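Engineer: My questions all concern the structure below.
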Amino acid sequence: MKKGTLIVIEGTDGSGKSTQFARLCQRAQGENIPFQRLVFPQYSEPSSALIRMYLDGEFGQKPGDVNPYAASAFYAVDRYASWKKVWQNHYEAGGLVLADRYTTSNAVHQTSKLPQGERRPFLDWLADFEYRRLGLPEPDLVLCLDLPTDKAVEMLRRREAATHTKGDIHETDTAYLAACRSAALEAAAVYGWRVIPCLDGDGELRSIDEIHHEIWQAVRPLL
């Protein structure tokens, strides 16, 4: 079976994933590179019902109130629905797929709930569950945006003020966000993701254009 190419933008909340994903899609479109665009979770689809209940706090007010295996299943089922309904044919025909989040987000958000000694077994279970048991494709490249938690929280609060919204149970828990950053870096080492730092050597935020340039340089050889 001919396989396509799957490229994922990942990172903790507030790291600028949506901005960089939009820039990547615009760049590919501007260069007339055909691709399928995916954003996870699919909040407008029925397959995300359990995710929305979880993030709205219906199963508990803290992320840790739902164990990582259960929460991972919520997100995995949503991705499986997307795979079967939206992009399987495109991918299996050799097409390019660009994704804002993917199975990688379970590795970041759910691993963070576990003590250090249980993290690697969970990552091994997760890869087996999503890629082998459910049959979802493994990414060819994962670009993980890394931003220190204090800066990420600042960006999240600024976004909430600008949009007059309140963050979900992930976004409003600073300790959880810090644990997610640690888990993201650990998962990156285990899975071989490419980490893209969002701060320069002086501890200042890099420009959107500078980060996009680094992302494009990593992506271009696969297109």
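Engineer: Counting other C-beta atoms within 10 Å, and keeping those with at most 16, which DSSP coil trypsin sites (Lys or Arg not before Pro) do you find in segment 1-108? Walk me through the numbers on the way to the answer.
Structural biologist: On the way: sites: Lys2, Lys3, Lys17, Arg23, Arg27, Arg37, Arg52, Arg79, Lys84, Lys85, Arg101; in loops: Lys2, Lys3, Arg101.
Those satisfying the criteria are Lys2, Lys3.
Engineer: In whole Å, what are the Cα extents of segment 78-164 along the three principal axes, biggest one first?
Structural biologist: That works out to 42, 37, 21 Å along the principal axes.
Engineer: Now for a separate question. Among Ala178, Ala189, Ala99, whose mean-square fluctuation peaks in a Gaussian network model of the chain (Cα, cutoff 10 Å)?
Structural biologist: Taking springs between Cα atoms under 10 Å, the residue moving most is Ala189.
Engineer: Of the residues Glu138, Glu92, Glu204, which exhibits the maximal mean-square fluctuation in a Gaussian network model of the chain defined by a 10 Å Cα contact cut-off?
Structural biologist: Glu204
Engineer: Once ligands and nucleic acids are excluded and a 1.4 Å probe is used, how much of Asp65 is accessible, expressed in Å² to the nearest 10?
Structural biologist: 90 Å²
Engineer: Using a 1.4 Å probe on the protein heavy atoms, what percent of the accessible area of segment 50-163 belongs to carbon and sulfur?
Structural biologist: Values: 2600 of 5020 Å².
Carbon and sulfur: 52 percent of the exposed surface of segment 50-163.
Engineer: Now for a separate question. What FRET efficiency comes out for the pair Asp128/Tyr43, r = Cβ-Cβ distance, R0 = 30 Å, nearest 0.05? The partial results should precede the final answer.
Structural biologist: Working: r = 27 Å, r/R0 = 0.90.
That gives a FRET efficiency of 0.65.
Engineer: Which of Gly60, Gly117, Gly14 moves the most in a Gaussian network model of the chain with Cα springs under 10 Å?
Structural biologist: Among Gly60, Gly117, Gly14, the largest GNM mean-square fluctuation belongs to Gly117.
Engineer: Setting aside same-chain residues fewer than 8 positions from Lys151, which aspartates and glutamates have a Cα under 19 Å from its Cα?
Structural biologist: Reachable aspartates and glutamates: Glu10, Asp13, Glu160, Asp168, Glu171, Asp173, Asp200, Asp202, Glu204, Asp209, Glu210.
Engineer: Could you give the nm distance between label points at Glu118 and Asp140, where each point is 7 Å from its Cα heading toward the beta carbon?
Structural biologist: Inter-label distance under the simple model: 3.7 nm.
Engineer: Follow-up. Under a Cβ-Cβ cut-off of 15 Å, what is the net charge of the residues other than Cys25 that fall near it, where Lys and Arg count +1 and Asp and Glu count -1? Each step should come with its number before you reach the end.
Structural biologist: On the way: positive: Lys17, Arg23, Arg27, Arg37, Arg101, Arg220; negative: Glu31, Asp100.
Local charge sum for Cys25: +4.
Engineer: Here is a follow-up. Just the number, please: percent antiparallel of the DSSP beta bridges in the chain, rounded to the nearest 5.
Structural biologist: Details: 1 of 19 bridges.
So the antiparallel bridges in the chain amount to around 5 percent.
Engineer: While we're here: Quick test of the membrane-span-like rule: which DSSP H helices of the chain reach at least 20 Å along their long axis (C-alpha atoms) with mean Kyte hydropathy at least 0.5? Could you put the intermediate results ahead of the total?
Structural biologist: Working: long enough: 68-82 (21 Å, 0.06); 149-163 (21 Å, -0.93); 174-191 (25 Å, 0.92).
Those that pass (Cα extent of 20 Å or more, hydropathy at least 0.5) are 174-191.
Engineer: If we restrict to alpha carbons, what Rg and Dmax does the chain come to, in Å?
Structural biologist: Considering the chain through its Cα atoms, Rg and Dmax are 16.8, 48 Å.
The values are calculated or read from the model by the stated rules, or taken from the named source; none is laboratory data. Just so we're clear, the structure is a prediction, and the values are computed from it rather than from any experiment. Don't worry about glycine lacking a Cβ; one is built from the backbone with ideal geometry, like all the others, and counts go over all protein chains shown. Ligands, DNA and RNA are stripped out before the accessible areas are found, and what is left, the full protein with its side chains, is counted by its heavy atoms. Shrake-Rupley method; radii C 1.70, N 1.55, O 1.52, S 1.80 Å.
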